[in-house]
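Everything below concerns the one structure shown next.
The values are calculated or read from the model by the stated rules, or taken from the named source; none is laboratory data. For clarity, every value in this text was computed on a predicted model and none was experimentally measured. Cβ placement follows ideal geometry from the backbone for every residue including glycine, while neighbour counts extend to all protein chains displayed. Remember, those area values only see protein heavy atoms, side chains included, never the ligands or the DNA or RNA. Shrake-Rupley method; radii C 1.70, N 1.55, O 1.52, S 1.80 Å.
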Amino acid sequence: MSSYDDRYITALVEPDRVHRSVYTDPTLFALEMERLWGQAWIYVGHDSQVPAPGDYYASAIGPQSVIMSRHRDGNVHVLFNRCAHKGAQLVGDSRGHVKAFRCCYHGWVFDTDGTVLTIPRDEGYEGTGLCKGNPLANVQRVPRTECYRGFVFASLAADGPDLRTWLGGAKASIDNLCDRSPEGEVEIASGPLRYLHDCNWKMFVENLNDAMHPMVAHASSSGTARQIARQAFKDVAPEDLPFEVQMLGPFTSDYKFFDQMGVTACAYGHSYMGGTLGMESSYSSVGPYEQGLIDAYGETRAREILATVRHNTVVYPSFTLKCAIQAIRVVRPLAVDRTVIESWVLRLKGAPEEITRRSITYCNLINSSANLVGPDDYEAYHRLQLGLQTDGNDWVSMHRYLGRESTTDDGDLRAIGTSDLSFRNQYRAWMHYMTGAAAP
Ligand code: FES
Ligand SMILES: [Fe+2]
């Protein structure tokens with residue numbers, strides 16, 4: 001589809017820097033959609049969005065429009081959102097409930113697993129290659145769909161590692177998120193807040209483990225919250241501060257704090273910050289919630305779950321989560337310089353509503369388009385997209401603490417928190433998908 005051969009693409013990424021065109025070249029973006037988003041496991045939705053047979057949710061895998069549907073046997077399918085007849089999009093709204101999908105154009109009807117049920121005046125198709133019973137007359141399923149603890153991922157590639165293997169070290173982040181529920185399950189609690197960014201999708205994904213930016217970029221939001229806390233709440237104990245202040249404050253922690261959090265890089269480009277120390281470590285506890293967790297798991301296990309505070313796990317390239325505040329953000333690239341970020345709140349089943357309210361407050365304050373913190377990042381991405389189209393230097397740095405990582409018992413890489421390790425790790429995965437280089 002393009003004149004870019006593997007040698008050209010390979011030259012764009014060096015061990016400590018990446019060529020600016022990976023953020024600005026529309027041809028590379030198209031290749032990413034085909035090779036990276038077309039091969040990796042991409043987050044489609046959560047199975048709680050389709051609780052009953054006949055429920056569906058329209059989603060996307062890169063530029064491909066897909067439907068996540070619950071069939072009457074209870075299975076969740078991911079179908080291409082395209083009628084088998086002449087190709088009309090089958091569902092136009094984002095969610096709904098159907099007995100069967102009926103195409104708006106000529107009325108072909110398909111079951112919720114894609115099987116064609118009715119073709120109007122089907123005698124006209126007899127003896128042709130498009131009659132009932134012929135798989136080509138069905139709505140096609142995405143080659144692979146797998147679910148991990150309710151999170152549904154799909155891959156456009158017929159071959160590749162299974163989802164659990166591919167998640168690798170990031171799997172424990174999803175586990176921690178779900179284990180925070182006394183019932184061990186989560187569900188979607190809200191529709192998404194959608195935030196259109198005028199930048200390349202990688203700027204968002206790279207930012208999440210960039211620990212050199214918060215104390216600078218978020219000084220106006222988080223720094224102000226700290227100042228207010230010092231002035232207006234000077235006699236108030238930290239755990240009694242309004243939750244909004246507790247959430248905003250840590251963004252302007254000092255470099256030492258972020259260094260101590262550490263960053264871990266896993267196979268296939270995944271990474272996370274924290275583990276035993278995180279941005280959420282100093283949040284006040286919600287008594288009834290903790291007791292509920294102890295009742296469910298026992299004191300030792302409950303304390304272990306609560307003490308795990310991984311901040312911003314990146315499941316490269318489409319899915320990011322914050323375990324301790326039950327929030328996920330989903331990456332939907334639209335063009336080389338346009339990306340929608342969806343922010344979803346999760347409910348921990350069996351936990352008090354106050355826990356869900358905290359997550360809603362967090363998403364409103366930190367992740368939404370009308371919040372205090374996200375626009376700081378947005379401004380930086382906007383300027384990156386502009387700056388990288390300006391001459392003077394073709395390269396983007398990822399030098400920091402190069403070669404100063406260590407290998408964990410699980411085979412992941414671990415470094416001081418302000419290392420550029422997660423950037424380098426993402427580009428190893430990027431190269432794997434883009435050129436077929438060895439799996440990272
Ligand atoms: S395009 Fe769907 S029925 Fe004809
Ligand atoms: Fe930020």
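Quick one: how many residues across region 296-338 are assigned to a strand (DSSP E or B) and either outside the structural domain of GLN426 (by TED's automatic domain parsing) or on the phi > 0 side of the Ramachandran plot (or both)? Working first, answer last.
Going through region 296-338, the residues assigned to a strand (DSSP E or B) turn out to be 309-315, 319-322, 327-335, 338.
With either outside the structural domain of GLN426 (by TED's automatic domain parsing) or on the phi > 0 side of the Ramachandran plot (or both) added as a condition, the list becomes 312.
Adding up the residues that qualify gives 1.
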Single residue of TYR272, TYR283, TYR289 found to be out of contact with any Cys (no Cβ under 6 Å at 6 or more places or on another chain), open to solvent by 20 Å² or more (accessible area, probe 1.4 Å) and at pLDDT 95 or above: TYR272
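Do the conditions hold for ARG141, that is, is it in contact (Cβ under 8 Å) with a residue 40 or more places away in the chain and away from ligand 1 (no atom under 14 Å from the Cβ)? Quick ask: steps written out before the conclusion?
Details: in contact (Cβ under 8 Å) with a residue 40 or more places away in the chain: yes; away from ligand 1 (no atom under 14 Å from the Cβ): yes.
When the stated conditions are applied, ARG141 passes them.
Of all residues in region 339-360, which are of a type in the set (Val, Ile, Thr) and part of a strand (DSSP E or B)?
Of the residues in region 339-360, the ones of a type in the set (Val, Ile, Thr) are 339-341, 345, 355-356, 360.
Scanning region 339-360 gives THR339, VAL340, ILE341, VAL345.
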Per-region count, region 361-404, residues over 25 Å from TYR427 (Cβ atoms) and either touching a residue at least 60 places away in the same chain (Cβ under 8 Å) or not in a loop (DSSP other than H, G, I, E, B) (or both): 12
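Among the residues of region 26-40, is there at least one that is more than 16 Å from ligand 1 (Cβ to nearest atom), of a type in the set (D, E, K, R) and open to solvent by 50 Å² or more (accessible area, probe 1.4 Å)? Give the steps one after another, and end with the answer.
If we filter region 26-40 for residues that are more than 16 Å from ligand 1 (Cβ to nearest atom), which is where we start, we get 26-40.
If we keep only those that are of a type in the set (D, E, K, R) as well, we get 32, 34-35.
From the residues that got through so far, the ones that are open to solvent by 50 Å² or more (accessible area, probe 1.4 Å) too are 34-35.
Yes, there is a match, as at least one residue in region 26-40 is more than 16 Å from ligand 1 (Cβ to nearest atom), of a type in the set (D, E, K, R) and open to solvent by 50 Å² or more (accessible area, probe 1.4 Å).
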Residue list for region 9-41, restricted to those being assigned to a loop (DSSP other than H, G, I, E, B) and of a type in the set (Asp, Glu): ASP16, ASP25
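Which is among the basic types (Lys, Arg) and under 18 Å from PHE204 (Cβ atoms), of ARG404, ARG414, ARG400, ARG383? Full working, then the answer.
Values: ARG404 fails: under 18 Å from PHE204 (Cβ atoms); ARG414 fails: under 18 Å from PHE204 (Cβ atoms); ARG400 fails: under 18 Å from PHE204 (Cβ atoms).
Within the list ARG404, ARG414, ARG400, ARG383, the selection yields ARG383.
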All positions within region 101-116 that are farther than 30 Å from LEU167 by Cα and away from ligand 1 (no atom under 12 Å from the Cβ): ASP111, THR115
Neighbours by Cβ (under 6 Å, 6+ apart or cross-chain): first from region 251-266, surrounded by fewer than 19 Cβ atoms within 10 Å (Cβ to Cβ); second of a type in the set (A, V, I, L, M): ASP259/ILE416; GLN260/LEU277
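Results for (1) part of a helix (DSSP H, G or I); (2) at positive phi; (3) surrounded by 13 or more Cβ atoms within 10 Å (Cβ to Cβ), shown as yes or no for each residue.
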residue	(1), (2), (3)
CYS83	no, no, yes
LYS86	no, no, no
GLY92	no, no, no
THR112	no, no, yes
GLY129	no, no, no
GLY133	no, yes, no
LEU136	yes, no, no
ALA154	no, no, yes
ALA157	no, no, yes
